[in-house]
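Chemist: Take a look at the following structure, please.
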Amino acid sequence: MVWGSNVMKIITGKTAVVGIIGHPVQHSFSPIMQNAAFSVASADYIYVPFNVMPECLEQAVKGLKALGVSGFNVTIPHKTAIIPFLDRLDESAEAAGAVNTVLLSEGCMIGFNTDGDGLVDSLFNDLDFSPGEAQILILGAGGASRGAIAALSRAGAKKIVVCNRSINNAEVVMSDMSKRYPQTIIDIVSQDGLTSQLLENTALLINTTSVGMKGEVFDGLNLDYLPRNAKVYDMVYTNSGTPLLRSASLSGLRAANGIGMLIAQGERAYRIWTGTNPPKDVMRHSLNSL
């Protein structure tokens, strides 16, 4: 038995099982969000966390398929490693080179990536930002960056500049994304390239790295050069807020953390599994009560 919204849920043989695999996974907010949504919607689903060691990933995927789960989320460190064990990938996962949501349909395991589109949803909901407005500056060139670039490009972004310590990594991302989304101009700069001119022409700055998780700061980044109407989005979220978000506040800039992205990607996963929309704002309210 599980509880959601203070209502006891009865588990039967008809209850559909979804969940999340990762290592570690105990910290995940997804079970709270998803089970709250299932409860309010009276959907006969249950969401379960599965702690899967990296060396057990293939066996775990085969086991979940054999058990007939409806689907599951994928988190660190399995988002890329899981790809060889799936039957096919959606465009969102192909472009990002990572999977965060899996659907089991007619015996076929299909990988999706709802992180990037969740970011676009959060930018609109939390910052009133539409990708087609102006230049976007992305810090980082890892998997989260790829997913963000792909989703922003699909949403109509005109120009994206990628800033990364390793120019070689950034060049690989630029080459791949430019081929996939030729309608979007994608440039790269090193950390030394965070000039006042670049920042003055930036409408949105996004941190896709883990910098800030433990209080780190970006060297050479002066938010005072951003236009007054520019916005800042930090995928990192901590209880005390990150140095980047605090700097944005001191500079008078509108900013948001990654909680909205977490919620939006979860809502998209819910739609993939159930074919229906989750009850409005339930996932957000479930986290606000923590």
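Chemist: Quote the FRET efficiency, to the nearest 0.05, computed for SER240 versus HIS285 with a Förster distance R0 of 30 Å and r equal to the Cβ-Cβ distance.
Modeler: For SER240 and HIS285, the calculated efficiency is 0.85.
Chemist: Looking at the chain, what % of its DSSP beta bridges pair antiparallel, to the nearest 5?
Modeler: Of those bridges, close to 25 percent are antiparallel.
Chemist: Ok, one more. Would you mind computing, in nm to one decimal, how far apart the modelled labels at LYS214 and ARG271 are, each placed 7 Å from Cα along Cα→Cβ?
Modeler: Using points 7 Å along Cα→Cβ, the separation is 3.8 nm.
Chemist: Follow-up question, since we're still on this one. According to a simple spin-label model (label point 7 Å from Cα along Cα-to-Cβ), what is the distance in nm between ASN168 and THR80?
Modeler: 1.4
Chemist: Eight or more residues apart or on different chains, and alpha-carbon atoms under 20 Å: count the Lys pairs in segment 135-290 matching that.
Modeler: 4
Chemist: Taking 0.36 nm per residue of separation and subtracting the Cα-Cα distance, what length does fully extending SER251 through ASP87 add?
Modeler: 54.3 nm
Chemist: Okay, moving on. Taking the simple approach of a point 7 Å from Cα along Cα-to-Cβ for both VAL17 and PHE124, what is their distance in nm?
Modeler: With each label point 7 Å from Cα toward Cβ, the separation is 3.5 nm.
Chemist: Suppose only helical runs count, i.e. DSSP H with n ≥ 4. What mean residue ellipticity at 222 nm does that imply for the chain under -39500 (n - 2.57) per run, divided by all residues and rounded to the nearest 500 deg cm²/dmol?
Modeler: So the calculated ellipticity at 222 nm is -10500 deg cm²/dmol.
Chemist: Specify the residue with the greatest mean-square fluctuation among MET174, MET261, MET213, computed from a Gaussian network of the chain linking alpha-carbon atoms under 10 Å apart.
Modeler: MET213
Chemist: So if R0 is 51 Å, what FRET efficiency would ASN201 and SER105 give, r being the distance between their Cβ atoms, rounded to the nearest 0.05?
Modeler: 0.70
Chemist: Send over the per residue convex hull volume for segment 116-257, Cα only, as a whole number of Å³.
Modeler: Taking the convex hull of the Cα positions in segment 116-257, it is 93 Å³ per residue.
Chemist: Antiparallel DSSP bridges in segment 116-257: what percent, to the nearest 5?
Modeler: DSSP beta bridges in segment 116-257 are roughly 0 percent antiparallel.
Chemist: If you don't mind, another one. Scan (i) 164; (ii) 130; (iii) 232 for the value of volume of the Cα convex hull per residue in Å³ calculated from this model and give just the label.
Modeler: The listed entry that was calculated here is (ii).
Chemist: A further question on this structure: For the chain, set up a GNM with springs between Cα atoms under 10 Å and report which of LYS231, LYS280, LYS14 has the largest fluctuation.
Modeler: Sorting by GNM fluctuation, first place goes to LYS14.
Here, each number is a calculation from the coordinates, and none is a lab measurement. A quick note: this is a predicted structure, and the numbers were derived from the prediction, not measured. Cβ coordinates were reconstructed from backbone atoms using ideal geometry, including for glycine residues, and neighbour counts include every protein chain displayed.
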